[in-house]
1. Does Ile310 satisfy being in contact (Cβ under 8 Å) with a residue 60 or more places away in the chain and either out of contact with any Asp or Glu (no Cβ under 9 Å at 6 or more places or on another chain) or within 11 Å of Pro372 (Cα to Cα) (or both)?
2. With a cut-off of at least 2 residues that are under 19 Å from the mean Cα position of the chain (by Cα) and more than 24 Å from Ala138 (Cβ to Cβ), name the strands (runs of 3 or more DSSP E) lying wholly within segment 206-320.
3. Do we have any residue at all in segment 182-191 that's free of Cβ contacts under 8 Å to residues at least 12 places away in the same chain and under 30 Å from Leu383 (Cα atoms)?
4. List pairs: first in segment 194-207 and within 16 Å of Ser239 (Cα to Cα), second modelled with pLDDT under 95 and in a helix (DSSP H, G or I), Cβ under 6 Å, 6+ apart or cross-chain?
5. Could you tell me which residue of segment 138-165 is farthest from Leu227 (Cα to Cα), considering only residues that are among the polar types (S, T, N, Q) and surrounded by 14 or more Cβ atoms within 10 Å (Cβ to Cβ)?
6. Suppose the filter is in the same structural domain as Lys430 (by TED's automatic domain parsing), part of a strand (DSSP E or B) and more than 30 Å from Tyr167 (Cα to Cα); does Asn342 pass it?
7. From Ile291, Ile260, which residue is at pLDDT 95 or above and crowded, with 22+ Cβ neighbours inside 10 Å?
8. Taking the options Asp424, Asp355, name whichever one is among the acidic types (Asp, Glu) and farther than 30 Å from Lys47 by Cβ.
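The values are calculated or read from the model by the stated rules, or taken from the named source; none is laboratory data. Model, not experiment: these values are computed from the prediction. In this analysis, Cβ positions are derived from the backbone assuming ideal geometry, glycine residues included, and neighbour counts consider all displayed protein chains.
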Amino acid sequence: MEILHVSAECYPVAKVGGLGDVVGALPRYQQQLGHIAKVVMPAYRNKFYDTHEFDVVHQAGMWLGHQWYHFNVLKERQNSLDFDLYLVDIPGLLDTPGVYGYPNDTERFLAFQVAVLDWINEWNHQVDVIHCHDHHTALIPFLLSWGYKYNRLKDIPSVLTIHNAQYQGQFGWDKLYLIPGFDLWKAGLLDWGGCINPLAAGIKCAWRVTTVSPGYMEELYVEANGLESLISSERTKTSGIINGIDTMVWDPATDPRLGINYTPEMVSEGKTANKAQLCERFGLDASVPLISFIGRLVGDKGADLLPEIIARSLHELPGEVNFLVLGSGDPHIEWMLKETRNYNSYGFNLHIGYDESLSHQIYAGSDFLLMPSRVEPCGLNQLYALRYGTIPVVRSTGGLKDTVTDFGDPGGVGIRFIQPSVWDVCYSVKRALELYQDKRHLRDVQLTGMHLDHSWTASAAQYVQLYSSMR
């Protein structure tokens, strides 16, 4: 079977969040199952683009409304990701250093989708499945079915995976002219809430709709940023498939980013050594528990709660706990965290920005990972933490609820709380410190988590089974 993944992100080419990790790993595991998996994404002007070699496999031009654009499709020559990687280069639109956040994002990702379909339309064969990821590619199922010039592609099955339904890519009907010609009687498939909503259109038109955990799928039926009734009405074609992690990249025994590698058998020694290096770097006391946060500093992740959580915990538990934060996002949250550090430098430090190597070191050197998320479709950080013997402290929502059981229950591997509130989290911090003092129980919980299999193998097989059901 030949599968084409279409995405705005793919690690290590370009990553903003979990979407990049998924698209960077799932195709590799599908290849291992004996299928042909390919990825096509924009050609951002970043480090990966500058340090790899590419062959031009397609050249063409296209209209985006009244504007003509030339585009190239580039194939990575070294096959460094273990699957075929294609980049769509559209000068003037996609040749940006970043992925998102530009005033013309609507035009950028519309052009990307049109270029991908124009390219596929020229192939002498047809792929078996087109797998689209999030709203940046969600107009493809609509255009496959109703775009005039893509008529020969209409029988190709399409899958849309929703990684986060909070972001839907809406834009006004005044930009309808940007979309290639289609049967205007079908314009209602584009509409949701009085505007063109790519994610809604994808849900309506894709053959199958998945999301990244069974728990998040159930939540979307009742809370999906306005799409609840639509997703409920399409229930017969929806499913939740839990994300996996790339166990080749995330392995404390072989991770080249760590100062000291370790196996489950030497988890205590390995984490102690990595914690000492991490605390020395950030001026923290390595003799007390270290609780870390890694992620985007936005409300969905509960990051706005962190300043008060940290300040209150350090006030109530002076000298008994340290906190470390890695991330970037809302400028106001960044400012509040910096102010918190200014007043609590003895037990808290932070690094504003994205640093992949540092994230690995934090997973290895921390005792606990805090995830007070309001919304967490799947979450990968808790899976990385478990792999490294770091105990996740999570809100019971979405994929966190699916993957983390409380240590108070049989086989528990983490600490769970119900509400995304300062009180609930601070109480969980105290529970974490109590567990930390019970070294035998702590080690048992660590080992249980490290031995769980969260690789992509099972999830990749579920996706293949889904594809086969459409054929």
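1. Taking the combined requirement at face value, the residue does not satisfy it.
2. Correct list: 290-294.
3. No: zero hits.
4. Close Cβ pairs satisfying both conditions: Trp207/Met470.
5. Ser145
6. In short, no.
7. Ile291
8. Among Asp424, Asp355, only Asp424 is among the acidic types (Asp, Glu) and farther than 30 Å from Lys47 by Cβ.
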